[in-house]
1. Please enumerate, by chain and number, the lysines with C-alpha under 21 Å from the C-alpha of K91, excluding those fewer than 8 residues away in the same chain.
2. Once you put a point 7 Å from the Cα of L235 and another 7 Å from the Cα of L3, both along the Cβ direction, what distance in nm separates them?
3. Name the residues whose placed amide hydrogens come within less than 5 Å of the amide hydrogen of H220, ignoring near sequence neighbours (fewer than 5 apart) on the same chain.
4. Under 20 Å between alpha carbons, and skipping anything fewer than 8 positions from K300 in its own chain: which lysines qualify?
Amino acid sequence: GDLMSVTPGLSGRNVGGAFVAYAIRGITSNVTTIDAEASVGVFVDGMYVGRFGGAAGAMYDLERVEVLKGPQSTMFGRNSSAGVINIVANKPTSEFSVDGALRYGERNSREAELALNLPVSDSLALRIAGRVSDEDGWANYAITGDSGFDQNSNAGDPAFDDNSKAVRLSARYEPSDGVTIDFTTDWEDSQLDSPQFPADSSFPTGPFDELTYISVEDTHDFQSWGLGTRISVDLANDFELVSFTGYREFDFVEPFDLDGLPQVAFQQKFFTGNETFFQDFRLHRTTASTDWFLGASYWK
């Protein structure tokens with residue numbers, strides 16, 4: 001939301017509570033299931049994410065976020081007809097540092113971030129960063145009143161509560177001049193209680209008054225982890241060879257009360273899993289008169 005508010009031409013919406021469908025200059029993807037591919041390519045530290053849900057929790061401890069408008073197929077390749085969002089996390093440095101933030105907001109929203117940079121030797125540095133957030137629900141379940149709904153105990157939290165946890169470990173190794181190896185691994189776990197149907201005190205078609213008719217607790221559960229390696233080698237005659245290697249997987253569970261009524265009639269539960277492997281090679285050279293690169297990538 002903060003990124004969209006300061007970037008002209010960038011918009012988007014949450015879909016299913018677990019991911020964002022971005023739009024650049026109004027161009028987006030009509031198919032917004034979590035296993036679909038987007039018209040706006042999302043890259044995290046050079047790796048193509050490839051699915052809507054793969055970058056849901058990457059927005060913390062960042063060096064920068066690049067929003068590149070218009071087709072970006074030459075530089076980024078796959079699925080970037082509308083543009084690219086390139087998320088670049090902070091890398092380990094040679095100086096010890098600790099950064100943190102605490103936030104509190106309405107609906108008892110709490111959020112904490114912490115990043116620790118740790119130099120190990122002249123050639124190796126580590127960085128660990130994490131984020132936790134929690135927000136109370138704001139809509140009550142009509143069939144049980146203020147207590148919420150839980151299939152086991154019939155007592156739970158109000159609907160639309162949200163909590164997530166994410167952590168990222170990075171390492172930078174420079175064994176010699178002109179050689180840099182960056183390694184990153186991350187993990188995220190998010191739950192959003194997101195009922196589909198609002199209700200009034202009599203029937204779901206009435207005006208919305210922060211009640212929902214539902215007969216199953218509609219909690220979206222999203223878990224993901226990944227790892228990536230970037231190797232950069234300076235060659236003779238101003239050539240640079242860069243390799244990106246990455247792997248990412250996620251699992252998403254979405255209970256869905258299809259009828260939206262207090263009675264148990266039509267319930268569904270969707271399970272989505274995804275595994276992604278990415279490899280990219282780039283040979284780059286900059287001279288006084290030319291700047292060019294040759295690249296090849298593989299994605300599965």
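Every number here is computed from the coordinates shown, using simple stated rules; none is lab data. Computed from a predicted model, the values in this text were never measured in an experiment. For neighbour counting, all protein chains shown are included, and Cβ atoms are generated from backbone atoms with ideal geometry for every residue, glycine included.
1. Filter leaves K165.
2. Output for this residue pair reads 3.3 nm.
3. Here the answer is L192, D193, S194, since their amide H atoms fall under 5 Å of that of H220.
4. none
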